[in-house]
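The values are calculated or read from the model by the stated rules, or taken from the named source; none is laboratory data. Quantities reported herein were computed from a predicted structural model and do not represent experimental measurements. We place every Cβ from the backbone using ideal geometry, glycine too, and count neighbours over all the protein chains shown. SASA here: full protein model, heavy atoms, side chains in, ligands and nucleic acids out. Shrake-Rupley method; radii C 1.70, N 1.55, O 1.52, S 1.80 Å.
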Amino acid sequence: MDEIWGQACAALETSVGPNNFNHWIKPLRLTGVDSGIAHFASPTRFISDWVNRHFAKDILGELSRHGATVERLRFEVVPQTAPGRARPAAATAAAKPARPVASAAAPATARVGRTDLGAPLDPRYTFGNFVVGKPNELAHAAARRVAEGGPVGFNPLFLYGGVGLGKTHLMHAIAHDYQTRHPAAQVLYLSAEQFMYRFVQALRESTIMDFKGMFRNVNMLMVDDVQFIAGKDSTQEEFFHTFNALVDQGKQIVISADRAPAEIKGLEERIKSRLSCGLIVDLHPTTYELRLGILQSKTEGFRAQQPDLEIGAGVLEFLAHRITTNVRVLEGALQRLFAHASLLRREITLEVAQECLADILRTNDRKISIDDIQRKVAEHYNIRLADMVGPKRARNVARPRQIAMYLSKQLTSRSLPEIGRRFGGRDHTTIMHGIRKVEELVVEDHALAEDVALLKRLLEA
């Protein structure tokens with residue numbers, strides 16, 4: 001039976017991937033087969049449950065394929081008897097095939113190659129296809145530095161910005177690059193929602209020590225959309241202790257959110273303070289040049305697959321001008337054009353683009369949001385998006401903020417109290433004062449009037 005399990009393990013490592021294999025299946029030890037049941041010793045209940053839910057069919061299939069008559073799996077939790085003491089290693093192509101799998105190192109010491117507790121890493125999100133421009137160059141440089149490994153001088157790296165600005169792309173790129181450089185390292189990437197889900201599950205199943213071991217013994221922990229845990233007291237408590245444990249061990253943490261730590265309402269002050277101890281990087285709204293660069297990069301990649309692709313002059317420039325709010329929408333529009341050209345074997349002309357993307361262009365024309373206005377004004381005046389809702393009163397920040405308030409009233413149907421809430425919870429009288437101030441200035445200040453007119457044209461384009 002040991003030989004059958006060894007052969008099954010060699011096949012499983014290929015079929016489920018080395019990361020899943022090392023983290024979940026390798027810690028198991030096959031103790032016997034009886035009446036169609038394969039019995040396994042597992043170091044924790046958490047691993048037993050996870051394997052049973054996600055890999056039972058794979059294991060049963062490989063055991064049957066290699067000669068065992070089994071219909072289901074049964075697990076017995078056999079904790080590690082002595083810290084640091086390892087049982088015989090699993091059989092793989094590089095090990096003796098007759099040895100049973102039995103590495104009972106706690107799951108935290110197994111290699112975590114990717115987000116085995118969360119969503120998998122997207123192979124498309126690498127540094128190689130991340131287009132760098134002025135709005136994201138600092139975030140890109142910081143992400144590169146973290147991916148190299150070793151002391152970086154800041155922990156955590158906190159990336160924040162609006163939807164579709166590249167936060168998730170950079171986080172996946174860090175994980176990919178770090179693992180390439182450090183194959184044996186443990187990297188755990190997941191969303192804050194998944195962190196909460198695993199925590200609640202551990203509480204419900206009385207496996208909280210397994211949970212703590214799983215999350216506190218990695219080389220790098222990456223948590224996306226941390227604003228999700230705001231207001232969730234128990235999850236914040238566990239996140240805080242997990243954060244402290246990793247930082248105290250010198251382990252790197254990478255966090256993303258849709259706003260700066262200080263601006264996340266419902267997040268405990270001690271967590272805000274901890275997050276602010278590292279490097280906080282704002283991914284600014286995309287510029288026309290960056291959007292055009294992204295489109296050009298995507299087009300080159302598609303041409304490598306379809307060399308006969310024909311795209312007319314001005315099409316990419318048109319898209320970069322018209323679709324400004326979200327890079328994902330921009331990329332989706334380009335992908336639609338590629339599919340259209342491929343299926344109908346037509347050149348992508350400006351007219352074809354307008355016809356094919358009519359719904360996207362109408363949506364972009366019809367809906368101007370306060371977020372759009374804040375991003376566009378922040379980009380124009382080269383200030384941080386967070387300053388739009390922050391407390392700063394310096395003239396170089398306050399005036400753009402007032403212009404954004406003015407445009408929000410001009411270009412949206414939002415009420416003054418609603419606009420106030422979107423500008424950091426300001427009172428409607430403050431919004432009214434800002435609007436009146438801009439109304440006075442556009443009459444007196446020719447340069448400011450031109451700025452406001454330009455911003456309005458860009459938003460309505």
Within region 1-57, work out how many residues are among the polar types (S, T, N, Q) and either open to solvent by less than 40 Å² (accessible area, probe 1.4 Å) or closer than 23 Å to ARG198 by Cα (or both). 7
Could you look through region 194-205, keep only residues that are surrounded by fewer than 17 Cβ atoms within 10 Å (Cβ to Cβ) and free of Cβ contacts under 8 Å to residues at least 40 places away in the same chain, and pick out the one that is farthest from HIS172 (Cα to Cα)? ARG204
Being small (Gly, Ala, Ser) and modelled with pLDDT of 85 or more is true for just one of ALA175, ALA185. Which residue is that? ALA175
Taking region 254-269 and keeping residues without any contact (Cβ under 8 Å) to a residue 60 or more places away in the chain and open to solvent by less than 20 Å² (accessible area, probe 1.4 Å) leaves ILE264, LEU267
Some residue of region 264-273 being more than 23 Å from LEU459 (Cα to Cα) and in a strand (DSSP E or B): no
Over region 385-407, the set of residues surrounded by 15 or more Cβ atoms within 10 Å (Cβ to Cβ) and either at pLDDT 90 or above or farther than 26 Å from LYS134 by Cβ (or both) is VAL397, ARG399, PRO400, ARG401, GLN402, ILE403, ALA404, MET405, TYR406, LEU407
Pick from region 411-460 the residues that are modelled with pLDDT of 85 or more and of a type in the set (Ser, Thr, Tyr): which of them is least open to solvent (accessible area, probe 1.4 Å)? THR430
Only listed residue being touching a Ser or Thr at 6+ places or on another chain (Cβ under 6 Å) and farther than 17 Å from GLN186 by Cβ, chosen from LEU159, LEU170, LEU165, LEU138: LEU159
Whether any residue in region 349-363 is under 21 Å from GLY164 (Cα atoms), open to solvent by less than 50 Å² (accessible area, probe 1.4 Å) and among the charged types (D, E, K, R) is what I want to check. no
Inside region 139-154, can you point out the residues that are of a type outside the set (Phe, Trp, Tyr) and surrounded by fewer than 19 Cβ atoms within 10 Å (Cβ to Cβ)? ALA141, ARG144, ARG145, GLU148, GLY149, GLY150, PRO151, VAL152, GLY153
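Condition check ((1) within 21 Å of the chain's Cα centre (by Cα); (2) in contact (Cβ under 8 Å) with a residue 24 or more places away in the chain; (3) buried (at least 17 other Cβ atoms within 10 Å of the Cβ)) across all residues:
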{"position": "PHE211", "(1), (2), (3)": "no, yes, yes"}
{"position": "ARG216", "(1), (2), (3)": "yes, yes, yes"}
{"position": "MET220", "(1), (2), (3)": "yes, yes, yes"}
{"position": "GLU237", "(1), (2), (3)": "no, no, no"}
{"position": "ASP248", "(1), (2), (3)": "no, no, no"}
{"position": "GLN252", "(1), (2), (3)": "yes, yes, yes"}
{"position": "ILE271", "(1), (2), (3)": "yes, yes, yes"}
{"position": "LEU283", "(1), (2), (3)": "yes, yes, yes"}
{"position": "LEU290", "(1), (2), (3)": "yes, yes, yes"}
